[in-house]
1. Could you tell me whether Val55 is more than 13 Å from the chain's Cα centre (by Cα), within 19 Å of Val195 (Cα to Cα) and among the hydrophobic types (A, V, I, L, M, F, W, C)?
2. State all residues of the range 183-195 that are within 15 Å of ligand 1 (Cβ to nearest atom) and either outside any loop (DSSP other than H, G, I, E, B) or among the aliphatic types (A, V, I, L, M) (or both); if no residue qualifies, say none.
3. Can you tell me which residue is nearest to Ile196 (Cα to Cα) among those in the range 94-118 that are surrounded by fewer than 17 Cβ atoms within 10 Å (Cβ to Cβ) and of a type in the set (Asp, Glu)?
4. Based on this model, can you work out whether Asp75 counts as at pLDDT below 90, of a type outside the set (Lys, Arg) and more than 14 Å from ligand 2 (Cβ to nearest atom)?
5. Give the number of residues within the range 136-182 that are under 25 Å from Leu207 (Cα atoms), outside any strand (DSSP E or B) and among the aliphatic types (A, V, I, L, M).
6. Which count do you get for residues in the range 120-130 that are hydrophobic (A, V, I, L, M, F, W, C) and in a helix (DSSP H, G or I)?
7. Return the total of residues in the range 1-53 being modelled with pLDDT under 65 and hydroxyl-bearing (Ser, Thr, Tyr).
8. If I ask for residues that are at positive phi and touching a Leu at 6+ places or on another chain (Cβ under 9 Å), which ones from the range 91-126 would you list?
Amino acid sequence: MDSVVSDAAHGVSPLVEADEPLLPWQTDRTRAPIATKIVVAGGFGVGKTTLVTTVSEITPLQTEALMTEASEETDDLTATPGKLTTTVAMDFGRITLDDDLVLYVFGTPGQQRFWFMWDDLVRGAIGAVVLADTRRLKDCWPALDYFESCGLPYVVAVNHFDGSERFDAEDVREALTIPAHIPVMIMDARRRISVIETLLSLVGHALDETPE
Ligand SMILES: Nc1nc2c(ncn2[C@@H]2O[C@H](COP(=O)(O)OP(=O)(O)OP(=O)(O)O)[C@@H](O)[C@H]2O)c(=O)[nH]1
Ligand SMILES: [Mg+2]
């Protein structure tokens, strides 16, 4: 899985071994990368901003606002006591996969009062990652319902928090009644390779779902 990730930023092309001859398409400068948009959604504080920040090769755009006592009643911080800020508009990052596939990754705000922005955020996206936390699985239902109803391909990614009980992906699938053809995976939003695996799974799934 490592090998498909562009290391262009580090001056290394993973596609080319030192003594391997270059293929014509690898030197074709007219070959433009394909740019696609994907969305990361899920409940409040599940790790959407963390995911975008972990994977982005550019400094991510963030719209974090400090949380105050005013939101104590609505925003449950028991699962994430260290959380000080919340996304009020969106996250934005970019990752280049396989040298000619650029993903623009948009993180949604998690709080219900900002959901009106989702319609704008998902416009033009090829698919979505629905992040879930097994301690509060029901928080991802609205995102699942949203993508089911608008027909956007999605995968379910369980962001495993330290100290929480670890479940198999198939248990999560059953709990959320996710159909068999939709990928469900356990990942860690803080680990780049884990996030990249999730994004690759989404791209593959979106390709499978898209009519020729
Ligand atoms: N232990 C652990 N902590 C995590 C993980 N992912 C995120 N966090 C922490 O959990 C908190 C929530 O992370 P965010 O990335 O802000 O969550 P979010 O989904 O963007 O939150 P909203 O935008 O407010 O809905 C932060 O304090 C992170 O440091 C994880 O995989 N493991
Ligand atoms: Mg956020």
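1. Against the criterion (more than 13 Å from the chain's Cα centre (by Cα), within 19 Å of Val195 (Cα to Cα) and among the hydrophobic types (A, V, I, L, M, F, W, C)), Val55 does not qualify.
2. Pass one, the range 183-195, residues within 15 Å of ligand 1 (Cβ to nearest atom): 185-195.
Of everything in the range 183-195, those that are within 15 Å of ligand 1 (Cβ to nearest atom) and either outside any loop (DSSP other than H, G, I, E, B) or among the aliphatic types (A, V, I, L, M) (or both) turn out to be Met185, Ile186, Met187, Ala189, Arg192, Ile193, Ser194, Val195.
3. Asp98
4. Values: at pLDDT below 90: yes; of a type outside the set (Lys, Arg): yes; more than 14 Å from ligand 2 (Cβ to nearest atom): no.
Taking the combined requirement at face value, the residue does not satisfy it.
5. Step one: of the range 136-182, the residues under 25 Å from Leu207 (Cα atoms) are 140-159, 169-170, 172-174, 176-182.
Okay, now just the ones that are also outside any strand (DSSP E or B), so 140-153, 169-170, 172-174, 176-182.
With among the aliphatic types (A, V, I, L, M) added as a condition, the list becomes 143-144, 152, 169, 172, 176, 178, 180, 182.
So the count comes out to 9.
6. Filtering the range 120-130 down to residues hydrophobic (A, V, I, L, M, F, W, C) leaves 121-122, 125-126, 128-130.
Filter once more, keeping what is in a helix (DSSP H, G or I): 121-122.
Looking only at that region, the number is 2.
7. Number of matching residues: 3.
8. Kept after step one, since they are at positive phi, are these residues of the range 91-126: 98-99, 124.
Those that are at positive phi and touching a Leu at 6+ places or on another chain (Cβ under 9 Å): Asp98, Asp99.
The values are calculated or read from the model by the stated rules, or taken from the named source; none is laboratory data. Here the structure is a predicted model, which means the values were calculated and not measured. Note that we place each Cβ from the backbone using ideal geometry, even for glycine, and neighbour counts take in every protein chain shown.
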